[in-house]
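Just so it is clear, none of the values below were taken in a lab; they were calculated from the coordinates. As the structure is a computational prediction, the values presented were derived from the model and not from experiment.
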Amino acid sequence: MVAPLSQDPHRTRDNEREKVLEVAIGREVRNYRRQQETTVAELSGMTGISIGMLSKIENGNTSPSLTTLQALANALSVPLTSFFRRFEETRQAVHTPAGEGVEIDRDSTRANHHYTLLGHIGSNASGVVVEPYLITLTEESDVFPTFQHGGIETIYMLEGKVDYRHGDAVHSLQPGDTLFFDADAPHGPERLIELPARYLSIISYPQST
């Protein structure tokens, strides 16, 4: 069964329907309006801009004039330049060459359980932090007590076989298998069936504000 995607991974932002600058401005206008608990109708009354035009601005469907932006900035009591913040933000990419990930000492890690952090981006516009690890378990590895932490975790098996516990269930994982779960439940490898075992562990959680 193929589930529909909520987002198009191949969508571009330079087409007629969604342009980067317009969308960035619209998101900022909406964010500031909501922060001040102001409705679209109230903002319309404060600025003289129609509700329909405000809706187009917030959805990134029109390019507002500087006069319109100044009126919005005055009504929301923010600098005009604040509407361009996301557009001007630096977008980061982290390239980690093979074998150059950062070895991590993780709480509850036992000897010969190797955690390699493959990249990290901290504060960012998405509001989400993602930590990708390459985990290697060898024939000398102990089975450790289960982990429990916030966020969502995805495991993708690359090599070997393990029985992996999540809450009350145990899942048999082999190369090509994926386990996607709420990381707040106790989880971790319970039985090491075929070693060495390697898998990707990708943890995502909201960044602190």
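Miscellaneous remarks
- The coefficient of translational diffusion for region 167-208, derived via Stokes-Einstein from the alpha carbon Kirkwood radius under 4 °C and 1.567 mPa s, stands at 105 µm²/s.
- Normalised by the number of residues in region 24-81, the mean separation of alpha-carbon contacts (under 8 Å, six or more apart) gives a relative contact order of 38 percent.
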